[in-house]
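The values are calculated or read from the model by the stated rules, or taken from the named source; none is laboratory data. Owing to the predicted nature of the structure, the values given are computational and were not obtained by experimental measurement. In this analysis, Cβ positions are derived from the backbone assuming ideal geometry, glycine residues included, and neighbour counts consider all displayed protein chains. Keep in mind that these areas ignore ligands, DNA and RNA; they rest on the heavy atoms of the full protein, side chains included. Shrake-Rupley method; radii C 1.70, N 1.55, O 1.52, S 1.80 Å.
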Amino acid sequence: MEQLKTIGRELAMGSQGGFGQSKEFLDLVKSIGEARSKAEEDRIVLSEIDTLKRKLLEPDIPKRKMKEYIIRLVYIEMLGHDASFGYIHAVKMTHDDSLLLKRTGYLAVTLFLNEDHDLIILIVNTIQKDLRSDNYLVVCAALNAICRLINEETIPAVLPQVVELLNHGKEAVRKKAIMALHRFHRKSPSSVSHLISNFRKRLCDNDPGVMGATLCPLFDLVSEDVSSYKDLVSSFVSILKQVTERKLPKSYDYHQMPAPFIQIKLLKILALLGSGDKSASEIMYMVLGDLFRKCDSSTNIGNAILYECIRCISCIIPSPKLLEAAADAISKFLKSDSHNLKYMGIDGLGRLIKISPDIAEQHQLAVIDCLEDPDDTLKRKTFELLYKMTKSSNVEVIVDRMIDYMISINDNHYKTEIASRCVELAEQFAPSNQWFIQIMNKVFEHAGDLVNVKVAHNLMRLIAEGFGEEDDDADSKLRLSAVESYLQIISEPKLPSLFLQVISWVLGEYGTADGKYSASYITGKLCDVADAYSSDETVKGYAVSALMKIYAFEIASGRKVDVLPECQSLIEELLASHSTDLQQRAYELQALLSLDARAVESILPLDASCEDIEVDKDLSFLNGYIQQAIESGAQPYISERERSGMLETTDYHSQDHHEVPSHALRFEAYERPKPASVPTQASTELVPVPEPSYYREAHQPISTSSVSERESSDIKLRLDGVKQKWGRPSYQSSTSASSTPPQAANGTSSHPDVGVGSSSLKPRSSYESKKPEIDPEKQRLAASLFGGSSSSRSDRKSSSGGHKPAKGTANKPPKENPIPVQPPPDLLDFGEPTATSVTATDPFKELEGLMDSSSQDGGSTDVMGLYSDAAPVTTTTSVDSLLSELSDSSKGNPGIYQSQTSKGLNSKEALEKDALVRQMGVNPTSQNPTLFKDLLG
Amino acid sequence: MIKAVMMINTQGKPRLSKFYDFMTVEKQQELIRGVFSELCSRPENVSNFLEIDSLFGPDSRLVYKHYATLYFVLVFDASENELAMLDLIQVLVETLDKCFSNVCELDIVFNYSKMHTVLDEIVFGGQVLETNSTEVMKAVEEISKLEAASNAISLVPKSVSGWRGR
């Protein structure tokens, strides 16, 4: 029965006229369709290629046969095989007079050739002829081909005819001509820049289809330069109004919607034009309101227009009424069962949230549903939304979620993206250093090979510098917690290289700093790392340097150093390493071990990673030595630049006579090649160096050998020892190379690593530029993360209240996050400690007692509790509350300070607090949506 | 702008592919394979959208629709509306349905050049040209008529089904 049906279908096809194919082709298609494996398919296609190669060589192939061969070629190429042997036949076919053959030819060449292909030159002439054809179908075929085959160089050849076609009688031709022009504009805006007025003119075309086609290029033009199209706002609005009022012919309706694609394009253009422009936006209010009322949300296309309206409203300066309408539409999308609409709803929410941040609150349940959805697209869109609405109060929940998802996926591309987002959010909103390090550890552990090296460097810098606060105690606590977490992670198998580098560096720098861990313990761990990742030289290098630092600290502090046997063997192994870098480090380590304490201390002082190292670039300490050498008869040094600069002057003058435009053919004899340099640096006082002139003579005969090579002769490139390459491109590239200033070339101006101050400022400033209106709350948090003002910590304190640790935050609705004190006026002053933090020094001392008592209350000083998910809530409480107390006190808020000192003394109260935290510290990954209130606040 | 149109069957064989920017044959194959592996890992009853930056560069999206044995795929950039693109697939399928009355995969395979004709009337150089399937059909029929007239030789073999009967 099935077979009968197919036969019937084939019969029907045969009767369709013009599109039927021969038996051979059908056979081919069928056998490929039935192929069981890729290998079988390849075999069939290869034999087909052989057949076609043979047949194409036959003389006098009938045209209809030829047409079929071409189609078979196209088919083969779609299956991924090379059909280039037949391209020329396709090109020939475009010359044919028969419309069928011509169209087939054009189809084949548009699929085969790219715009820079050599064969295009053979088609341009045909296209020109066809554009002038009386038959509009031929014209259309040619226009179709233009879109794919014409490049920047060939545009002028067809441009006049295409412009003429803008006034063609048939609207189909006008439409396609506009689109072809649009294509030209995309390829080379300069080539059609004088024709842009034509697009405006065609906007008033009698045919709505042509008008609709004009919107595509106008959209591009407007997005490039909004200001020069402001005058069209009212035209666009009136067009949109007419479309929605069904003034267009019925044939433009689609599923009862009047010309929906035109409406969508118009809304996109209006969104661009109304962005940040109040008066332009006001013109649109009416029609947008109408659209919300008229759009049929039961059809797909109706929803497409609704979504476009939401998007438009999120771009322009909206009226409150429109915002309300948009919010309604979004809630309809989110409540829908269709995943597509949910996706659009989440997207719309993400756009609107910038304007009215509280809109998300009413949709929190829907958002969480989307986050749990099996649909990956929807999930990612939701993460994008969360990313947009992250703030200090919900960062912990959001980043936790993101990391869970990051761990669960395999798609490296997206993993990279989400990892970098986690890092960005953590950097912007981290509530505490410990949390930040914990998050970074997770990111590195699961996506270490995908994150940017800079992230690792930032982390190291953060650990080294602390948070820039004048609080060494907190810094050393931070370091200790980092060291502890790394010691725990380090024994896990297969850590990413980048993470190991960070670990090794931190262990080397701070592993023994607190005296909690012995040097032999840390060095043992480092040797394990070097051993386990023996193929990774970078990690090994970091490990050896870390070893060196630890031994240096030991020696400097006067302790006796016992080099572990495994460390000894590691050093011995590396002394013979193939990598010179590792070898050098090993020798340095060996040399260091034999030095006395004083010498070692000046080589590697303790905790000096943040000190600036001054480099004497001029090597002035050698001046005495040089003086001595010159006095004893040595030649003064002439820099290479000066030497060649000298040469340059001589040649520069000789070259002046025949200064010829570079593109024209030059017929004089070759010039001698000479070393690369920049003429302007010439100095005439120097002794010429004889060597290059000798070289010049040697090459003279070669360079005069051919006139046609004249152009390629490179007047500025040093060619000795280099194989000479002739031809125009090398000439051009060499001139551009020689035009770069010498400083850039010799690398002296290359900048050292970004400074400390700028690193702390950078993330913040980029953040500010992205979202123009940040509330002071966020600003303060960002500040607390990346620099000075200690008062910012208070924010965290207030948002989390007494319910520490981190996860407890989720219980508190956002509205209960009052900021108890006004922000200090010099918030943005990152460089120096703020006045408030200066006053804070006194309370610090008083708090020392408190610190002890609170940690006793906690029952343990083990900060590692932070890193195990399970329980030790109490310990974190002590640390966190300490931190927040410190910040509070530093802010000089007497009330809180008082209560805390009393609390610190009152162990009963602290115990109560512990109990409360135990109650509240529920894991927010549970299904309970109320936990996410914070997330949506 | 629309970057590519693809029709891939459920076994991953491309039935029609058109890229509006030039791609080498190898690149095309790679993209088709990449798209297919993304598509077949999608569960039933989820959205028809995919963000496909990894294959087509930043900000590219993909809309697909699954009909019987075929995936219809559109790849486009931020200047298009996802839902509208979904309807464009609908337009394409509706037109094909009118063209071949009750279209199926076989029609698409055996009418390769006609498929391209239809597609060219809907999407032109990466922009949406026409969304009314009746209008598209009119244009396609006009082309076929003129082609037939311009070509005296009959291109239709007398019996197409003969090969089946062997």
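Find all pairs meeting these conditions: Cβ atoms under 9 angstrom apart; at least six residues apart or on different chains; first residue within region A:568-595 and more than 26 Å from A:Ser557 (Cα to Cα); second residue aromatic (Phe, Trp, Tyr) and open to solvent by less than 80 Å² (accessible area, probe 1.4 Å).
none
Given the structure, is B:Gln11 among the polar types (S, T, N, Q), free of Cβ contacts under 8 Å to residues at least 40 places away in the same chain and more than 9 Å from chain A (Cβ to nearest Cβ)? Reasoning before the result, please.
Working: among the polar types (S, T, N, Q): yes; free of Cβ contacts under 8 Å to residues at least 40 places away in the same chain: yes; more than 9 Å from chain A (Cβ to nearest Cβ): yes.
Criteria met by B:Gln11.
Checking A:Arg351 against (1) within 14 Å of chain B (Cβ to nearest Cβ); (2) crowded, with 22+ Cβ neighbours inside 10 Å; (3) of a type outside the set (Phe, Trp, Tyr), which single condition isn't satisfied?
(2)
Six or more apart or on different chains, Cβ atoms under 6 Å: show the pairs whose first residue is in region B:85-108 and aromatic (Phe, Trp, Tyr) and whose second is open to solvent by less than 10 Å² (accessible area, probe 1.4 Å).
B:Phe100/B:Asp107
Would you check if A:Leu73 is within 12 Å of chain B (Cβ to nearest Cβ), of a type in the set (A, V, I, L, M), touching a residue at least 40 places away in the same chain (Cβ under 8 Å) and open to solvent by less than 60 Å² (accessible area, probe 1.4 Å)?
Details: within 12 Å of chain B (Cβ to nearest Cβ): yes; of a type in the set (A, V, I, L, M): yes; touching a residue at least 40 places away in the same chain (Cβ under 8 Å): no; open to solvent by less than 60 Å² (accessible area, probe 1.4 Å): yes.
Judged against the criteria, A:Leu73 is not a match.
Among the residues of region A:269-303, how many are in contact with a strand residue (DSSP E or B) (Cβ under 9 Å, 6 or more places away or on another chain) and closer than 12 Å to A:Ala329 by Cβ?
3
Regarding B:Lys145, is this residue surrounded by fewer than 16 Cβ atoms within 10 Å (Cβ to Cβ) and either at pLDDT 80 or above or within 8 Å of chain A (Cβ to nearest Cβ) (or both)? Can you show your working first?
Numbers: surrounded by fewer than 16 Cβ atoms within 10 Å (Cβ to Cβ): yes; either at pLDDT 80 or above or within 8 Å of chain A (Cβ to nearest Cβ) (or both): yes.
Criteria met by B:Lys145.
Take region A:299-339 and flag every residue that is among the polar types (S, T, N, Q) and either under 22 Å from A:Leu240 (Cβ atoms) or without any contact (Cβ under 8 Å) to a residue 12 or more places away in the chain (or both). Can you show your working first?
Keep residues of region A:299-339 that are among the polar types (S, T, N, Q), which gives A:299-300, A:303, A:314, A:319, A:331, A:336, A:338.
Result: A:Thr299, A:Asn300, A:Asn303, A:Ser314, A:Ser319, A:Ser336, A:Ser338.
Across region A:521-537, what is the total count of residues that are open to solvent by less than 60 Å² (accessible area, probe 1.4 Å) and either small (Gly, Ala, Ser) or in a loop (DSSP other than H, G, I, E, B) (or both)? Outline the logic, then answer.
Within region A:521-537, the subset open to solvent by less than 60 Å² (accessible area, probe 1.4 Å) is A:522-527, A:529-530, A:533, A:536.
Keeping just the survivors that are either small (Gly, Ala, Ser) or in a loop (DSSP other than H, G, I, E, B) (or both) gives A:524, A:530, A:533, A:536.
The qualifying residues number 4.
Quickly run through region A:29-70 and pick out the residues that are of a type in the set (Lys, Arg) and either open to solvent by less than 30 Å² (accessible area, probe 1.4 Å) or not in a helix (DSSP H, G or I) (or both). Walk me through how you get there before you give the answer.
Of the residues in region A:29-70, the ones of a type in the set (Lys, Arg) are A:30, A:36, A:38, A:43, A:53-55, A:63-65, A:67.
A:Arg36, A:Lys67, listed by residue number.
Restricting attention to region B:41-77, which residues are more than 23 Å from A:Lys342 (Cα to Cα), open to solvent by 30 Å² or more (accessible area, probe 1.4 Å) and part of a loop (DSSP other than H, G, I, E, B)?
Matches in region B:41-77: B:Ala68, B:Thr69.
Out of B:Glu26, B:Glu38, I need the residue that is touching a residue at least 12 places away in the same chain (Cβ under 8 Å), outside any loop (DSSP other than H, G, I, E, B) and open to solvent by 20 Å² or more (accessible area, probe 1.4 Å). Which one? Give the derivation first.
Working: B:Glu26 fails: touching a residue at least 12 places away in the same chain (Cβ under 8 Å).
Just a single option satisfies the conditions, and that option is B:Glu38.
Do we find that A:Leu306 is touching an Asp or Glu at 6+ places or on another chain (Cβ under 7 Å), modelled with pLDDT of 90 or more and within 14 Å of another protein chain (Cβ to nearest Cβ) in this structure? Walk me through how you get there before you give the answer.
Numbers: touching an Asp or Glu at 6+ places or on another chain (Cβ under 7 Å): no; modelled with pLDDT of 90 or more: yes; within 14 Å of another protein chain (Cβ to nearest Cβ): yes.
No, not satisfied.
Take the conditions of a type outside the set (D, E, K, R), open to solvent by less than 10 Å² (accessible area, probe 1.4 Å) and at the interface with chain B (Cβ under 9 Å from one of its Cβ atoms) and apply them to A:Leu26. Does it pass? Write out each step before concluding.
Numbers: of a type outside the set (D, E, K, R): yes; open to solvent by less than 10 Å² (accessible area, probe 1.4 Å): yes; at the interface with chain B (Cβ under 9 Å from one of its Cβ atoms): yes.
So A:Leu26 passes the test.
When you go through (1) in a helix (DSSP H, G or I); (2) closer than 21 Å to A:Gln488 by Cα; (3) of a type in the set (Phe, Trp, Tyr) one by one for A:Tyr587, which number turns out not to apply?
All conditions pass for A:Tyr587, except number (2).
Can you tell me which residues in region B:64-102 are facing chain A (nearest Cβ under 9 Å) and closer than 30 Å to A:Val222 by Cα?
B:Ser79, B:Glu80, B:Asn81, B:Glu82, B:Leu83, B:Ala84, B:Met85, B:Leu86, B:Asp87, B:Leu88, B:Gln90, B:Val91
All but one of (1) within 14 Å of another protein chain (Cβ to nearest Cβ); (2) over 19 Å from A:Ser275 (Cα atoms); (3) out of contact with any Pro (no Cβ under 9 Å at 6 or more places or on another chain); (4) of a type in the set (D, E, K, R) hold for A:Asp328; state the number of the condition that does not hold.
Every listed condition holds for A:Asp328 apart from (1).
Give me the residue from region A:463-504 that is part of a helix (DSSP H, G or I), more than 26 Å from A:Ser520 (Cβ to Cβ) and at pLDDT below 80 and, out of that set, nearest to the chain's Cα centre (by Cα). Steps first, answer last, please.
If we filter region A:463-504 for residues that are part of a helix (DSSP H, G or I), which is where we start, we get A:463-465, A:472-489, A:497-504.
If we keep only those that are more than 26 Å from A:Ser520 (Cβ to Cβ) too, we end up with A:465, A:472-474, A:498.
Subset that is at pLDDT below 80: A:465, A:472-474.
On the way: A:Glu465: 27, A:Asp472: 36, A:Asp473: 37, A:Ala474: 34 Å.
Result: A:Glu465.
Answer with yes or no whether A:Leu52 is in contact with a Leu (Cβ under 8 Å, 6 or more places away or on another chain) and either away from chain B (no Cβ under 14 Å) or farther than 20 Å from A:Leu100 by Cβ (or both).
On the way: in contact with a Leu (Cβ under 8 Å, 6 or more places away or on another chain): yes; either away from chain B (no Cβ under 14 Å) or farther than 20 Å from A:Leu100 by Cβ (or both): yes.
Judged against the criteria, A:Leu52 is a match.
Is one or more of the residues making up region A:506-516 among the aromatic types (Phe, Trp, Tyr) and free of Cβ contacts under 8 Å to residues at least 60 places away in the same chain?
Narrowing region A:506-516 to residues among the aromatic types (Phe, Trp, Tyr): A:510.
Checking which are free of Cβ contacts under 8 Å to residues at least 60 places away in the same chain leaves us with none.
Among the residues of region A:506-516, not one is among the aromatic types (Phe, Trp, Tyr) and free of Cβ contacts under 8 Å to residues at least 60 places away in the same chain, which makes the answer no.
Could you tell me which numbered condition A:Ser238 fails, if it satisfies all but one of (1) away from chain B (no Cβ under 12 Å); (2) more than 22 Å from A:Lys170 (Cβ to Cβ); (3) open to solvent by less than 10 Å² (accessible area, probe 1.4 Å)?
Failed condition: (3).
Considering only region A:245-266, I want to know if a residue exists there that is closer than 28 Å to A:Ala141 by Cβ, in contact with a Leu (Cβ under 7 Å, 6 or more places away or on another chain) and not in a helix (DSSP H, G or I).
Within region A:245-266, one or more residues are closer than 28 Å to A:Ala141 by Cβ, in contact with a Leu (Cβ under 7 Å, 6 or more places away or on another chain) and not in a helix (DSSP H, G or I).
Would you check which residues across region A:249-287 are at the interface with chain B (Cβ under 10 Å from one of its Cβ atoms), over 16 Å from A:Ser238 (Cβ atoms) and buried (at least 18 other Cβ atoms within 10 Å of the Cβ) and list them?
The answer is A:Tyr252, A:Tyr254, A:Met257, A:Pro260, A:Phe261, A:Ile264, A:Lys268.
Are any of the residues in region A:76-84 outside any loop (DSSP other than H, G, I, E, B), open to solvent by 20 Å² or more (accessible area, probe 1.4 Å), over 23 Å from B:Asn9 (Cβ atoms) and modelled with pLDDT of 80 or more?
Looking only at region A:76-84, we keep the residues that are outside any loop (DSSP other than H, G, I, E, B), and these are A:76-78, A:84.
Going one step further and asking which of them are open to solvent by 20 Å² or more (accessible area, probe 1.4 Å), we end up with A:84.
The next check asks that each one be over 23 Å from B:Asn9 (Cβ atoms); those that pass are A:84.
Now narrow it down to the ones that are modelled with pLDDT of 80 or more: A:84.
Looking for residues that are outside any loop (DSSP other than H, G, I, E, B), open to solvent by 20 Å² or more (accessible area, probe 1.4 Å), over 23 Å from B:Asn9 (Cβ atoms) and modelled with pLDDT of 80 or more, one finds at least one in region A:76-84, hence yes.
Can you tell me which residue in region A:378-392 is farthest from A:Ala426 (Cα to Cα), limited to those that are crowded, with 20+ Cβ neighbours inside 10 Å and in contact with a Lys or Arg (Cβ under 8 Å, 6 or more places away or on another chain)?
The selected residue is A:Leu378.
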